[in-house]
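Asker: Next up is a structure, given as structure tokens.
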Amino acid sequence: MGLPAGRYAAQGELVPDQAPRPAPTAAALELPADLVDLEGWLVAVLRQAPADGIFAAVARAERIAAEQFGAKKTVAALRRVLSVELANR
């Protein structure tokens, strides 16, 4: 999991601070050709969006991805990504 060994939950120890997440590369911000890479692209797009622009970034990413992958597959990927990315903001 990327955490140093410890008994965090067992003895009330705090989970250590995690290193900051790296900024997405320019290549990661390009819409992929393969559906398998869609979630990674969505993560990159959302991580580079400012906090006050997250809703606009989601709407734009959804529109762009749906043109290539269809609305159903895009929304399913967005749901998986948003459940983690928004919680980590």
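Asker: Tell me, yes or no, whether the stretch 48-68 has at least one residue that is touching a helix residue (DSSP H, G or I) at 6+ places or on another chain (Cβ under 9 Å) and aromatic (Phe, Trp, Tyr).
Answerer: Within the stretch 48-68, not a single residue is touching a helix residue (DSSP H, G or I) at 6+ places or on another chain (Cβ under 9 Å) and aromatic (Phe, Trp, Tyr).
Asker: Still on this structure, I have one more. From the list Ala57, Ala77, Ala65, exactly one residue is within 18 Å of Ala23 (Cβ to Cβ), part of a helix (DSSP H, G or I) and touching a residue at least 12 places away in the same chain (Cβ under 8 Å). Which is it? I'd like the intermediate steps shown before the answer.
Answerer: Values: Ala77 fails: within 18 Å of Ala23 (Cβ to Cβ); Ala65 fails: within 18 Å of Ala23 (Cβ to Cβ).
So the residue among Ala57, Ala77, Ala65 that is within 18 Å of Ala23 (Cβ to Cβ), part of a helix (DSSP H, G or I) and touching a residue at least 12 places away in the same chain (Cβ under 8 Å) is Ala57.
Asker: Give the number of residues within the stretch 19-54 that are over 14 Å from Leu86 (Cα atoms), in contact with a Leu (Cβ under 8 Å, 6 or more places away or on another chain) and in contact (Cβ under 8 Å) with a residue 12 or more places away in the chain.
Answerer: Here the count works out to 1.
Coordinate-derived values only; no laboratory data. Keep in mind that this is a model prediction, so the values were computed, not measured. So basically every Cβ, Gly included, is an ideal-geometry build from the backbone, and we count neighbours across all protein chains shown.
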